[in-house]
Amino acid sequence: MAAIDEPLYPIAVLIDELKNEDLQRRLNSIRKLSTIARALGEERTRKELIPFLSENNDDDDEVLLAMAEELGVFVPYVGGVEHANVLLPPLEALCTVEETCVRDKAVESLCRIGAQMREKDLVEYFLPLVKRLAAGEWFTARVSSCGLFHIAYPSAPETLKTELRTMYGQLCQDDMPMVRRSAATNLGKFAATVEAANLKTNIMTIFEDLTQDEQDSVRLLAVEGCAALGKLLEPQDCVTHILPVIVNFSQDKSWRVRYMVANQLYELCEAVGPEPTRSDLVPAYVRLLRDNEAEVRIAAAGKVTKFSRILSPELAIQHILPCVKELSTDSSQHVRSALASVIMGMAPVLGKDATIEQLLPIFLSLLKDEFPDVRLNIISKLDQVNQVIGIDLLSQSLLPAIVELAEDRHWRVRLAIIEYIPLLASQLGVGFFDDKLGALCMQWLKDKVYSIRDAAANNVKRLAEEFGPEWAMEHIIPQVLDMINDPHYLYRMTILHAISLLAPVLGTEITSSKLLPLVINASKDRVPNIKFNVAKVLQSLIPTVDQSVVEKTIRPCLVGLSEDPDVDVRFFASQALQSSNQLNSS
């Protein structure tokens, strides 16, 4: 009897758990559906488990979401693609629930299953499902149906294709804005499956209806459709159908629609080609750059470089540059920040002369901006300007501002400068670097903010890699020798960290003669944090130095630390000794 009952046990547990009052238990059982399906076998999964899930009327969205997700990968557990249709009823029910994320996940799972189904099964089972949802009494079903048309359409017979196009057109004119929004969102996917002849007639008619919708939330989704449809149409059709819509949208009364146009305009330029871009889209873009809503200007400013690349330098200087100058002194710090993040990319587009005359003054004003994010965005892209104007001009015009920023009161700005220093060093060369920036690099090791000190230690290592051990011996080691005796223990810890990073770069000889004595000396420090960091540094030095040095100097020091009164010091010292023993034995 027990042997007969055993296969029933998992389904009994599942049913029990699914009806449990405890949400977590219900969730756990749903997430174990695949395990239970494997235990039941394909046939019982189809005949018992799936019908049970179809009838499950759990009202908790988390459980329903987990179910929608699980069913999307359930095809192998019901016997493969020939039985995939049994998964459709529970997912169809989930497509009608009120919670948006459950419906979205159910649609995603249906699309995944539909993509695997055989053509005859799609016609027999999937198409009727789409039609039922599209004609659903409750708006949630109609919203979900919009995301399924692109799966159903390609395998539908010709008569049904006409019906599907008509249904989609009706959904785009639905009374409920949520349905129209869903139709607008999915139009691009559906259009990609429609034949070219019907694309120009049916789909473009549907699209034009959406572009004139009274709800701005529908119109702004139609803007996304512009880019998707633009890629499907021939350039001349694009100019006829899409271009006028874009130009109108760029002057739409709703700032949200104009914001979407500013975001999508670059993709649309690629679709319509260079000539219409120059004649129609440049004026539209200039309007957006000067929009009275800051959000629209932010979106437009972020595309300045991309837009300039598809224009000739003359057009960019004539139309875009005046707007860029205005935006660099915009009243909104977020607009200036968006501009600063991309403006450096304009230098290669405009060429050397225009960059020096027109862009450099803008860079300098943004580098001195009161808002730290603006300064940060400029600093992080300096290399793009360097390639155009050369290091001499860059250093004369921008270096004083960089030095000023290295002492900025906002630590994130200082951090950005530190991360840029190695790149700057390689561009400036060793002589120039020592004169202007060398002192700064050592000064950062004593910064009040830990992230700055940590970045400064890494910076010193990267500079040693760039300029070589001899340079490090002359410029870094003497200052490290001074700082290891700093009265503040946090700064002494930073130096220990810097030593552990420098050792592999400087090699065995310099490490053994110059750095190791400093570390050994620090093991006598009165602060336990310093001592256990010494143990960690010594552990990192073991692979770098000769075995004889390990035996004579490092091990005795670690043995001493392993008997320290502080428990953490003893722990790290023992760990280092263990690591040394393992290296010996290997």
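For Q173 and S426 in the same chain, what is the full-extension length gain: residue separation times 0.36 nm, less their Cα-Cα distance, in nm? Could you put the intermediate results ahead of the total?
Numbers: separation 253, 0.36 × 253 = 91.08 nm, distance 6.12 nm.
Gain on stretching Q173 to S426: 85.0 nm.
Given the Cα-Cα distance of E465 and R526 and 0.36 nm per residue of separation, how much length would full extension add, in nm? Before the final figure, lay out the partial values.
On the way: separation 61, 0.36 × 61 = 21.96 nm, distance 3.31 nm.
Working it through step by step, the gained length comes to 18.7 nm.
What's the magnitude of the charge dipole for the chain around its Cα centre, counting Lys and Arg as +1 and Asp and Glu as -1 at the beta-carbon? Answer in Debye, nearest 20. The partial results should precede the final answer.
Numbers: 59 positive and 80 negative charges, 222 e Å.
My answer is approximately 1060 debye.
Putting +1 on Lys and Arg Cβ atoms and -1 on Asp and Glu Cβ atoms, find which of Q578, V519, Y489 reaches farthest to the positive end of the dipole of the stretch 468-585.
The one lying farthest along the dipole's positive direction is Q578.
Could you order peptides 317-325, 495-503, 536-544 by the average number of other Cβ atoms within 10 Å of their residues, highest first?
Details: 317-325: 17.8, 495-503: 23.8, 536-544: 20.4.
Going by the mean number of other Cβ atoms within 10 Å, highest first, we get 495-503, 536-544, 317-325.
If you stretched the chain out fully between E124 and S380, how much longer would it get, using 0.36 nm times the residue separation minus the C-alpha to C-alpha distance?
On the way: separation 256, 0.36 × 256 = 92.16 nm, distance 5.75 nm.
Contour length minus Cα-Cα distance gives 86.4 nm.
Points 7 angstrom from Cα along the Cβ direction at Q358 and V247: gap in nanometres?
Taking the simple label geometry, Q358 and V247 are separated by 2.4 nm.
At 1.4 Å probe size, what's the solvent-accessible area of R25? Round to the nearest 10 Å².
Here the residue's solvent-accessible area equals roughly 120 Å².
State to the nearest 20 debye the size of the charge dipole of the stretch 468-585 about its Cα centre, where the only charges are +1 on K and R beta carbons and -1 on D and E beta carbons.
Numbers: 9 positive and 12 negative charges, 49 e Å.
Rounded to the nearest 20 debye, it is 240 debye.
If each of F52 and Y491 carries a label point 7 Å out from its Cα toward its Cβ, how far apart are those two points in nm?
7.0
First select every other residue whose beta carbon is under 12 angstrom from the beta carbon of L288; then total the charges, Lys and Arg +1, Asp and Glu -1.
Details: positive: R258, R287, R290, R297, K303; negative: D252, D291, E293, E295.
After counting each charged neighbour, the total is +1.
Give the label of the value calculated from the structure for Cα extents along the principal axes in Å, choosing from (i) 86, 85, 36; (ii) 83, 75, 43; (iii) 75, 58, 50.
Among (i) 86, 85, 36; (ii) 83, 75, 43; (iii) 75, 58, 50, the one calculated here is (i).
Distance between Cα centroids, the stretch 215-247 to the stretch 537-582: provide it in whole Å.
Each part reduced to its Cα centre gives a spacing of 69 Å.
Where the centre of each part is set by its Cα atoms, how far does the stretch 69-119 sit from the stretch 436-509, in angstrom?
Measuring centre to centre over Cα atoms gives 59 Å.
For the stretch 503-586, what does the relative contact order come out to in percent, with C-alpha contacts under 8 Å and a separation of six or more? Display every interim value, and only then the final one.
Details: 80 pairs, mean separation 24.9, N = 84.
Relative contact order for the stretch 503-586 comes out at 30 percent.
Tell me, what is the percent relative contact order of the chain, built from C-alpha pairs under 8 Å that lie six or more residues apart? Could you put the intermediate results ahead of the total?
Values: 702 pairs, mean separation 28.9, N = 586.
RCO, the chain: 5 percent.
How would the stretch 270-336 be classified by its alpha-carbon gyration tensor: rounded, prolate or oblate, with rounded meaning a/c under 1.5 and the a/b versus b/c comparison settling the rest?
On the way: a/c = 2.22, a/b = 1.74, b/c = 1.28.
Here the stretch 270-336 falls in the prolate category.
Between E42 and R112, take the C-beta separation as r, use R0 = 22 Å, and let me know the FRET efficiency to the nearest 0.05. Working shown, then result.
Working: r = 19 Å, r/R0 = 0.85.
Rounded to the nearest 0.05, the efficiency is 0.70.
With n ≥ 4 as the cut-off for DSSP H runs, can you work out [θ] at 222 nm for the chain, using -39500 (n - 2.57) per run divided by the number of residues, rounded to the nearest 500?
Numbers: 38 runs with 389 residues, N = 586.
Calculated from helices alone, the mean residue ellipticity at 222 nm is -19500 deg cm²/dmol.
Lys and Arg at +1, Asp and Glu at -1: add these up for the other residues within a Cβ distance under 11 Å of L577 and post the number. Please list the in-between numbers first.
Numbers: positive: R555, R570; negative: none.
Net charge around L577: +2.
How much accessible area does E69 have with a 1.4 Å probe, in Å² rounded to the nearest 10?
Around 100 Å² of this residue is reachable by solvent.
Counting pairwise Cα distances across the stretch 468-585, what percent come out greater than 23 angstrom? Write out the running numbers ahead of the final one.
Numbers: 1704 of 6903 pairs.
Taking all Cα-Cα pairs of the stretch 468-585, the fraction more than 23 Å apart is 25 percent.
Taking only C-alpha pairs under 8 Å that are 6+ residues apart, what is the relative contact order of the stretch 167-301 in percent? Please list the in-between numbers first.
Values: 143 pairs, mean separation 27.1, N = 135.
This gives 20 percent for the stretch 167-301.
Among 557-566, 221-230, how do they line up from the highest to the lowest mean number of other beta-carbon atoms within 10 Å? Intermediate values should be presented prior to the final figure.
Working: 557-566: 16.1, 221-230: 23.3.
Top of the packing list down: 221-230, 557-566.
What do you get when you divide the Cα radius of gyration of the stretch 215-264 by 2.2 N^0.38 Å, with N the number of residues? Walk me through the numbers on the way to the answer.
On the way: Rg = 10.5 Å, N = 50, 2.2 N^0.38 = 9.7 Å.
Against the compact-globule rule of thumb, the ratio is 1.07.
Rounded to a whole number, what % of the accessible area of the chain do carbon and sulfur atoms account for, probe 1.4 Å?
50
The values are calculated or read from the model by the stated rules, or taken from the named source; none is laboratory data. These numbers were taken from a predicted model, which means no experiment stands behind them. Heads up, the Cβs are rebuilt from the backbone with ideal geometry, glycines too, and the neighbour counts pull from every protein chain shown. Accessible surface areas use protein heavy atoms only, side chains included; no ligands, DNA or RNA. Shrake-Rupley method; radii C 1.70, N 1.55, O 1.52, S 1.80 Å.
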